[in-house]
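A quick write-up on the structure given underneath.
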Amino acid sequence: MPASSTIASQNRPQDPPPGLRPRAETAPGLLSIVCPAYNEAENIIPFHKAISKVMRRLAQPFEVVFINDGSRDGTILKMRELRSVHPNTAIVDLSRNFGKEVAVSAGLDHARGDAVVIIDADLQHPPQVIEDLIAGWREGYEVVYGQRRGREDEGFLRRATATAFYRIMNSIGRAPIPPNAGDFRLMSRKAVDAVKSLREHHRFMKGVFAWVGFPAKAVPFDVEARHAGETKWNFWKLWNFSIEGVTSHTLAPLKISTYLGLAVAALSFVYGAFVVAKAMVLGDPAPGFPTLAALVLFLGGVQLTVLGVMGEYLGRIFNETKQRPLYFTNAVEAAAVDASAADPSIAAPSAAPSDGRSVA
């Protein structure tokens with residue numbers, strides 16, 4: 001199927017699932033904006049301004065939950081600067097860099113809203129799309145996710161690998177993952193509580209969001225250029241993230257290893273029978289060394305591949321059995337929001353920060 005046809009099929013209007021009922025509320029009583037950040041000092045204040053502008057236009061009470069994922073620049077200072085002026089800003093300061101998947105989980109743990117929006121700090125996710133996400137929530141959907149219209153801004157290799165990743169995941173996984181949909185989404189409190197109940201250490205949030213189910217709707221959007229800074233995702237990190245996603249979301253690699261082993265065993269048996277028959281009919285001249293070397297290397301490669309797949313899963317089992325917390329925090333500074341205020345930027349007096357020992 002041509003790329004244009006694929007994009008069009010992804011973004012056509014969706015039929016609502018049977019039994020979906022619109023909500024009586026026109027908007028969430030309190031909307032939590034969860035924003036993980038790693039070395040995003042240049043983007044924090046512009047991001048907050050853009051979010052506040054949209055929320056003010058919608059007259060939507062909100063809190064912004066920033067997660068400082070072990071940043072080594074001035075990100076935490078910018079967050080605290082904002083909080084000193086806007087008490088509806090919460091800060092979750094992680095003790096080190098735990099990665100975006102855990103940072104998102106930490107934000108969900110501390111979000112108090114009736115609905116939660118997950119959005120990046122670099123402004124590639126347009127804040128104005130939140131209005132469409134809220135509209136989907138009003139229709140009765142528990143999850144409303146942003147789906148990028150295309151990937152023309154990326155190189156050929158990255159587009160090809162992204163397409164292959166989603167096709168592989170959806171062909172081997174039990175819970176389909178929407179293509180071209182990242183973490184940018186709105187979730188109801190029901191969906192957030194479901195996601196929070198899943199505490200595995202190896203987290204692939206796209207798979208977690210898909211696994212919990214619930215009625216979901218796609219909202220197409222165009223990715224904006226980064227406001228400042230550079231992306232933290234290089235090809236190597238994306239490759240490891242893909243492996244994490246496959247091994248966290250499905251057991252298919254183990255099944256494929258089993259089938260591969262059976263296929264190689266069958267081929268080896270057929271080849272062995274051929275060698276015996278040839279020796280009986282034509283005699284047994286000295287067998288060729290290249291053939292023998294090729295077979296040994298091939299079988300050794302298959303065995304090492306299967307052992308590698310098993311090792312990936314075994315390592316994950318090892319990490320899960322240790323039952324460590326997902327993260328530790330230096331401090332959690334809660335937001336203070338008056339949801340009944342006409343102006344969502346009006347908040348109650350700021351809450352005191354915790355002692356920095358909170359864990360999850």
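Brief remarks on what is shown
- 2 or more residues closer than 24 Å to Phe204 by Cα and among the hydrophobic types (A, V, I, L, M, F, W, C): qualifying helices (runs of 4 or more DSSP H) within the range 32-119: 100-110
- Condition check for Tyr141 on (1) under 18 Å from Arg189 (Cα atoms); (2) surrounded by fewer than 24 Cβ atoms within 10 Å (Cβ to Cβ); (3) not acidic (Asp, Glu): one failure, at (2).
- Filter pass, Thr6 being open to solvent by less than 20 Å² (accessible area, probe 1.4 Å), of a type in the set (Ser, Thr, Tyr) and either modelled with pLDDT under 85 or in contact with a strand residue (DSSP E or B) (Cβ under 6 Å, 6 or more places away or on another chain) (or both): no
- Residue within the range 296-311 that is in contact with an Asp or Glu (Cβ under 8 Å, 6 or more places away or on another chain) and either of a type in the set (D, E, K, R) or at pLDDT below 75 (or both) present: no
- First in the range 102-126 and of a type in the set (Lys, Arg) and open to solvent by 10 Å² or more (accessible area, probe 1.4 Å), second anywhere and part of a loop (DSSP other than H, G, I, E, B) and at pLDDT 90 or above, Cβ under 7 Å, 6 or more apart: Arg112/Leu30
- Flag for Leu77 being within 21 Å of Phe328 (Cβ to Cβ) and at pLDDT 90 or above: yes
- Number of the condition not met by Val116 [criteria: (1) farther than 17 Å from Arg185 by Cα; (2) modelled with pLDDT of 90 or more]: (1)
- For the range 197-217, residues that are in contact with a helix residue (DSSP H, G or I) (Cβ under 7 Å, 6 or more places away or on another chain) and either surrounded by fewer than 15 Cβ atoms within 10 Å (Cβ to Cβ) or not in a helix (DSSP H, G or I) (or both) total 9.
- Filtered residue count, the range 27-46, keeping only those that are within 17 Å of Gly182 (Cβ to Cβ) and touching a strand residue (DSSP E or B) at 6+ places or on another chain (Cβ under 7 Å): 5
- Filter result for Ser105 (of a type outside the set (D, E, K, R) and closer than 24 Å to Glu224 by Cβ): no
- If you check Val264, Val223, Val276 for being within 28 Å of Leu299 (Cβ to Cβ), at pLDDT below 80, surrounded by 13 or more Cβ atoms within 10 Å (Cβ to Cβ) and not hydroxyl-bearing (Ser, Thr, Tyr), only one passes: Val264.
- Filter result (open to solvent by 30 Å² or more (accessible area, probe 1.4 Å) and among the hydrophobic types (A, V, I, L, M, F, W, C)) within the range 51-75: Leu58, Ala59
- Flag if Ile130 is touching a Phe, Trp or Tyr at 6+ places or on another chain (Cβ under 7 Å), crowded, with 22+ Cβ neighbours inside 10 Å and not hydroxyl-bearing (Ser, Thr, Tyr): no
- Counted residues, the range 44-71 - those being within 18 Å of Ala331 (Cα to Cα) and of a type in the set (S, T, N, Q): 2
The values are calculated or read from the model by the stated rules, or taken from the named source; none is laboratory data. What you see is a predicted model, and the numbers here were worked out from it, not measured in a lab. No Cβ is skipped: glycine too gets one built from the backbone with ideal geometry, and neighbour counts run over all protein chains shown. The area values use the complete protein model at the heavy-atom level, side chains included, leaving out ligands, DNA and RNA. Shrake-Rupley method; radii C 1.70, N 1.55, O 1.52, S 1.80 Å.
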